1. Here are 139, 115: which of them is out of contact with any Pro (no Cβ under 8 Å at 6 or more places or on another chain), aliphatic (A, V, I, L, M) and in contact (Cβ under 8 Å) with a residue 60 or more places away in the chain?
2. Every residue in region 111-135 that is within 14 Å of residue 65 (Cα to Cα) and at pLDDT below 95, please.
3. Keeping to region 25-41, report how many residues are within 19 Å of residue 102 (Cβ to Cβ) and either crowded, with 16+ Cβ neighbours inside 10 Å or of a type in the set (Lys, Arg) (or both).
4. State yes or no: is residue 55 under 30 Å from residue 82 (Cα atoms), surrounded by fewer than 18 Cβ atoms within 10 Å (Cβ to Cβ) and among the charged types (D, E, K, R)?
5. For region 30-42, indicate whether the set of residues that are assigned to a helix (DSSP H, G or I) and in contact with a Gly (Cβ under 8 Å, 6 or more places away or on another chain) is non-empty.
6. Within the bounds of region 3-16, is there any residue that is among the polar types (S, T, N, Q) and farther than 21 Å from residue 112 by Cα?
7. Sort through 144, 127 and tell me the only one that's crowded, with 21+ Cβ neighbours inside 10 Å and in contact (Cβ under 8 Å) with a residue 12 or more places away in the chain.
8. Being exposed (fewer than 15 other Cβ atoms within 10 Å of the Cβ), among the β-branched types (Val, Ile, Thr) and either in contact with a helix residue (DSSP H, G or I) (Cβ under 9 Å, 6 or more places away or on another chain) or at pLDDT below 95 (or both) is true for just one of 16, 2. Which residue is that?
Amino acid sequence: MIENKKEKVLYSREEIDYRVKELGKELSEVYRGKKLVVVSLLRGSFIFTADLVRELDIPVEIEFMTTASYGNEEISSGDVKILQDVRGELVGKEVLIVDDIIDSGHTISKVIKHLEGKNPNTIKVCVMLDKPSRRQVELEPDYVGYEIPDVFIVGYGLNYGEYYRNIPYIFTFE
C-alpha cells in the first residue's frame, strides 16, 4: 500500500495470469512457423513481456528498447525519446512490440515508425492495458490484455514515481 492512499484493485494476479496465458496461446498460433522478434519497451513492460514470452510455445527472439516520455509525471509529455535501440537485425522478421499500456499512443507510434526503417515483414502491437479514451494518434493495438477507463494505474510493471513496479496486480487509488 502506498502511504496515505487506499488501493482499488482493478486486476488481480490470477486475472492477469489467466489473460496472459490466453494471449500466449493466441500469439503462438498467429506466429507459428514465422521468425518472431518480441520488442519489449522498457521499463514498464518487462514483467508483462517475461510472463508473455514464457507462454509462447514457439521459437522467439527477444529485444529491448528504452523510451522516455513520462519522467515522473502521470501524463505523457508527448515528446518521445528512444534511449536504447534494438541490437539485432529485424529484416524479414515479424516484430511484436510489447508494452505495458497504450494511452496517448505517442510512444508506440514513434517506435513503429523507427522500427519500420529496419525492414521487418510486419509490425504488430501487444499491450497489457489499453486506455483508448486518452488516444491522441490514430493507432489501435493488435492484441490487448484489458481495456481500462481513464484512471491512473500502478503495479505489474507500471510505476508510481520509480516504485511499485513489483506489485503483482494492477490497481488505482480511491
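1. 115
2. none
3. Looking only at that region, the number is 5.
4. yes
5. No, region 30-42 has no match at all.
6. yes
7. 127
8. Unique residue meeting the criteria: 2.
The values are calculated or read from the model by the stated rules, or taken from the named source; none is laboratory data. As the structure is a computational prediction, the values presented were derived from the model and not from experiment. Cβ sites come from the backbone with ideal geometry, for glycine too, and all protein chains shown count toward neighbours.
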